[in-house]
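S.K.: Please read through the structure below; I'll follow up with questions.
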Amino acid sequence: MIILTYHNVDAAPAGVGQPWLYVSPEAFAEQMRLLDKLGFRGVSVTEGLRLLHSGQADRSVIITFDDGYVDNLIHAAPALARHGFSATCYVVSGSVGSYNAWDADALGAKKPLMDRAQLGAWLDHGMEIGSHSRSHCRLDLLPPAAAREEISVSRDQLRSITGREIEHFCYPYGGFNETTATLAREAGYKSAVTTMPGRARSANDLHTLPRIAPRGDESNWIFALQSVVPGGWFLNHSMGRVRRRLASLAS
Ligand SMILES: [Zn+2]
């Protein structure tokens, strides 16, 4: 099963670092329309894992958002709701209502994060909230006691902010190892996602799930290939390697 990763659903500001983290509202709406037209449903992590483990995942795609940007609520939620889709947003519990302090300088962009009321509105759209740690640091580089606190305190904080159980985790920067996976499991999360590319299978360790990140600078044909064609993500990955090799030979 494919687990898609998005960050910002907004126009990328001119000169911003890592512009591919931005998928425009128009491209996102078109991607959701494509999934629907091809007979796929976008679902939350909870629903997707239920389908995966009951052998019914072949027409569904899990949709996730990292960090908790306000633009997810403004631009993505209505596009998802239009098709009856759900999704999971991984929120940094210590930055609710603030901005991306962890990479604002590096990206050259202060991006607003959902506050308590906006997280409530996200849930009211039928969406889900997971944890993306308390302060968005590299958990695999922290001493285990500090990593444990980031993982478990964020769960408590988000539970008290949202009034909901927080059952899924996402490693900031995709930084995980055996220890962090164990800590996520011990904190009571039912799953944790990484940035390793790939398709999740029912045999996958639930606390090191792979995902696919649609790039805002690639066409929706590539999106369709990655999302709905079995093995498509691998095919696209291989094509990327071929393209890079050809480019290096030509230069
Ligand atoms: Zn993040």
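S.K.: Figure the gain on full extension for residue 164 and residue 217 (residue separation times 0.36 nm, minus the Cα-Cα span) and round it to one decimal in nm.
M.R.: Here the answer is 15.6 nm.
S.K.: Would you mind calculating the relative contact order of the chain from Cα pairs under 8 angstrom and at least 6 residues apart, reporting the percent as a whole number?
M.R.: Across the chain, relative contact order equals 20 percent.
S.K.: Could you sort 158-164, 14-20 so that the peptide with the highest average Cβ count within 10 Å comes first and the rest follow in order?
M.R.: So the order, starting with the most tightly packed, is 158-164, 14-20.
S.K.: Using only helices, what value at 222 nm comes out for the chain when you add -39,500 (n - 2.57) per DSSP H run of length 4 or more and divide by the total residues, to the nearest 500 deg cm²/dmol?
M.R.: Calculated from helices alone, the mean residue ellipticity at 222 nm is -11500 deg cm²/dmol.
S.K.: Arrange the peptides 56-62, 189-195, 106-112 so that the one whose residues have, on average, the most other Cβ atoms within 10 Å appears first.
M.R.: In descending order of packing, they fall as 189-195, 56-62, 106-112.
S.K.: Related question: Taking 0.36 nm per residue of separation and subtracting the Cα-Cα distance, what length does fully extending residue 124 through residue 74 add?
M.R.: 16.7 nm
S.K.: If I stretch the segment between residue 203 and residue 237 completely, what's the gain in nm (0.36 nm per residue apart, minus their alpha carbon distance), one decimal?
M.R.: In short, 10.0 nm is gained.
S.K.: Something else now. Ratio of Rg to Rh for segment 3-250, alpha carbon only, Kirkwood?
M.R.: Rg/Rh: 0.95.
S.K.: Of the listed peptides 215-222, 4-11, what is their order by residue-averaged count of other C-beta atoms within 10 Å, with the highest listed first?
M.R.: The most tightly packed comes first, giving 4-11, 215-222.
S.K.: What is the set of long-range amide H partners of residue 43 at a cut-off below 5 Å, with H atoms built 1.01 Å from backbone N?
M.R.: Here 61, 62, 63, 86 satisfy the definition.
S.K.: Counting DSSP beta bridges in the chain, what percent are antiparallel, to the nearest 5?
M.R.: For the chain, the DSSP antiparallel bridge percentage is about 10.
S.K.: In a GNM of the chain with a 10 Å cut-off on Cα contacts, which of 203, 76, 101 has the highest mean-square fluctuation?
M.R.: Looking only at 203, 76, 101, the largest GNM fluctuation is found for 203.
S.K.: Near the amide H of residue 169, under 5 Å away, which other amide H atoms are found, from residues 5 or more places off or on another chain, if H is placed in the peptide plane?
M.R.: 131, 191, 192, 193
The numbers here are math on the coordinates, done by the rules we state, and not lab data. Keep in mind that what you see is a predicted model, and the values were worked out from it rather than measured. Cβ: placed from backbone, ideal geometry, glycine included. Neighbour counts: every protein chain shown.
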